[in-house]
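What follows is a short report on a single structure.
The values are calculated or read from the model by the stated rules, or taken from the named source; none is laboratory data. Fair warning: this is a prediction, and the values are worked out from it, not measured in the lab. A quick note on method: Cβ atoms are made from the backbone with ideal geometry, for glycine too, and the neighbour counts reach across all protein chains shown.
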Amino acid sequence: MIGSQPDSANREQAPKHILLIDQDEAFANALQTVLGEGYSLRHASSMKSAVAELNSKCLDVILLNLDLETGDSLPLLRVASERVTAPPVIAFGWDVRRKRAIQAFREGAVDFLEQPLDIQALRFALEAAHRRATLARDLADAQTFLPSTHVEGLLGNSKAMGQVNDVVRKVAGVYTSVLLTGESGTGKGVVAKAIHNLGGRSNKPFVAFSVCAFPDSLIEEELFGHEKGAFTGAHQMRRGRFEEANGGTIFLDEIGDLALPLQAKLLRVLQERTVERLGSNLSRPVDVRVICATSRNLQKMVQQGTFREDLYFRISVVKIHMPPLRERDGDLPLLAAYFLRTFAKQHNKRARTLSPGFLAALARHTWPGNVRELQNVMERSVVLANGNECLGVGDLPDELRDTTISEDIPAGSFQESVQAFKKELVRSALNMHGGNKLKAARELGISRCYLHRLLNQFNMAGDAVIPIDIEEQEAAENFEPMAMGLRRVV
């Protein structure tokens with residue numbers, strides 16, 4: 001039992017508190033013996049007693065038997081995953097059909113194990129779930145993740161975002177052109193605004209203009225303005241975006257979409273620091289810092305002749321590449337927590353924290369829309385939540401819940417599908433034999449050398465595999481009552 005939550009320094013030494021929901025008390029006793037002193041196992045033999053444990057106990061992980069004789073256990077999985085202090089749930093069962101595993105993941109499970117339980121695979125799952133529970137507790141105060149040197153608005157502790165923060169701070173104090181590159185939705189506009197706010201002209205205008213939002217016929221007039229009578233309908237003079245930004249910053253988004261004739265006119269403005277309104281021959285001086293952004297490869301466009309080389313060098317004195325969300329290791333929970341607080345306050349909702357199942361589903365998604373897509377998902381989840389303080393898997397959009405496991409073969413070519421199938425076979429064999437590569441190779445019917453080549457090929461050589469202690473393994477195999485408890489049949 002634990003009187004109070006251990007601090008971060010003592011978490012590794014403290015036993016992991018596991019709740020086993022299973023009707024078989026003998027199985028619970030055997031499991032406690034097998035897991036050893038590093039685990040404190042509580043046992044609930046029915047749905048009613050399980051709910052009581054959830055209401056009264058401090059837990060790290062839940063082990064849930066999906067084959068409970070007392071009724072369907074999936075509703076309990078859903079209840080557990082939506083608690084404010086929800087521990088991650090590992091489901092297990094004899095029925096290992098793909099659809100059943102998918103259903104368990106959709107209801108909030110972070111892992112699914114096959115009976116009979118393999119003790120090493122179980123330990124791997126418990127360790128991973130415990131780490132996830134620790135992270136979820138830390139997210140209660142997500143600001144503790146922020147380094148003291150972060151730039152306001154640029155959340156993230158990943159190495160990639162650390163580099164972005166460093167360059168932004170350096171370039172903000174000098175008045176030079178900046179080119180922001182990266183996929184759509186990575187936050188290039190946020191970076192441009194941060195550079196402006198950190199600079200010495202933060203009290204001057206910041207004017208954003210998206211090239212792709214206007215047809216070519218209107219872009220020149222939007223950027224440079226017009227005189228009265230310059231064209232039909234020009235009943236009065238209008239200043240363009242460059243004049244509006246005078247003394248401050250103009251942000252030209254998707255500069256790669258600018259037509260070649262307009263590129264020449266923009267280059268002249270940047271070189272001479274003057275603009276000419278449509279219908280006028282008078283050059284007006286402008287003092288504007290230019291920040292451009294693109295999701296396209298401008299260097300390749302220069303080679304193809306679709307983007308002017310002289311303009312490229314003019315706008316890219318300093319280049320900052322924004323990493324996609326999938327490459328920002330560790331930043332996803334922080335961003336999710338930030339958007340949770342933002343939208344809960346904005347929409348006056350009760351949601352305050354995220355369940356481990358919710359975070360696990362976010363982690364499994366590939367985020368083709370990057371941070372913008374995550375922002376959309378979090379706002380939708382907060383707005384349509386069922387009123388609980390903790391967002392669970394059920395609050396996620398269907399497309400995220402459906403992609404926890406794909407029921408189809410892997411997308412891509414035939415060779416890619418074969419490689420994906422091989423990788424899954426190797427992973428399953430290693431899990432089945434607790435990371436023992438010799439036994440895994442025998443299971444697959446291949447040599448151990450070939451298995452090592454496959455591990456290197458699939459970048460699995462560095463995966464966290466707990467080595468099996470031979471004496472411990474022999475002791476476990478010779479302990480018949482324990483083995484019988486873990487290999488029971490229904």
Next on the checklist: Taking the conditions exactly as written (farther than 13 Å from Ile315 by Cα, crowded, with 21+ Cβ neighbours inside 10 Å and free of Cβ contacts under 8 Å to residues at least 40 places away in the same chain), does Gly240 satisfy them or not?
Outcome noted: yes
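Based on this model, can you work out whether Val211 counts as within 38 Å of the chain's Cα centre (by Cα), surrounded by 19 or more Cβ atoms within 10 Å (Cβ to Cβ) and either over 30 Å from Arg372 (Cβ atoms) or not charged (D, E, K, R) (or both)?
Against the criterion (within 38 Å of the chain's Cα centre (by Cα), surrounded by 19 or more Cβ atoms within 10 Å (Cβ to Cβ) and either over 30 Å from Arg372 (Cβ atoms) or not charged (D, E, K, R) (or both)), Val211 qualifies.
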Checklist entry - For segment 291-389, which helices (runs of 4 or more DSSP H) that fit wholly inside it have 3 or more residues that are in contact with a helix residue (DSSP H, G or I) (Cβ under 7 Å, 6 or more places away or on another chain), within 25 Å of Met161 (Cβ to Cβ) and not aliphatic (A, V, I, L, M)? => result 331-346, 370-383
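Can you tell which of Gln143, Gln163 is out of contact with any helix residue (DSSP H, G or I) (no Cβ under 7 Å at 6 or more places or on another chain), assigned to a helix (DSSP H, G or I) and modelled with pLDDT of 85 or more? First the steps, then the outcome.
Working: Gln143 fails: modelled with pLDDT of 85 or more.
None of the other options fit; the residue is Gln163.
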Next on the checklist: Within segment 291-300, does at least one residue satisfy the condition of being over 19 Å from Leu180 (Cβ atoms) and of a type outside the set (Ser, Thr, Tyr)?
Outcome noted: no
Checklist entry - Given the structure, is Arg277 assigned by TED's automatic domain parsing to the domain that holds Val168 and either modelled with pLDDT of 95 or more or among the basic types (Lys, Arg) (or both)? => result yes
Next on the checklist: Which pairs turn up if I take residues in segment 106-117 that are assigned by TED's automatic domain parsing to the domain that holds Leu63 and look for partners that are basic (Lys, Arg) and assigned to a loop (DSSP other than H, G, I, E, B) with beta carbon separation below 7 Å, at least 6 apart in sequence or on another chain?
Outcome noted: Pro116/Arg487
Checklist entry - Which pairs do you get when a residue that is farther than 10 Å from Ala293 by Cα, found in segment 170-196, comes within reach of a residue that is basic (Lys, Arg), reach meaning Cβ atoms under 6 angstrom, with the pair 6+ apart or on two chains? => result Tyr175/Arg289; Gly185/Arg372
Checklist entry - Looking at segment 272-290, is at least one residue touching a residue at least 40 places away in the same chain (Cβ under 8 Å) and in a helix (DSSP H, G or I)? => result no
Checklist entry - Any residue at all in segment 293-316 that is closer than 23 Å to Gly108 by Cβ and crowded, with 22+ Cβ neighbours inside 10 Å? => result no
Item to check | Selection status of Pro324, touching a Phe, Trp or Tyr at 6+ places or on another chain (Cβ under 8 Å) and either surrounded by fewer than 19 Cβ atoms within 10 Å (Cβ to Cβ) or on the phi < 0 side of the Ramachandran plot (or both) | outcome: yes
Item to check | Residue check, Asn246 under 30 Å from Leu154 (Cα atoms) and either touching a residue at least 40 places away in the same chain (Cβ under 8 Å) or over 33 Å from the mean Cα position of the chain (by Cα) (or both) | outcome: yes
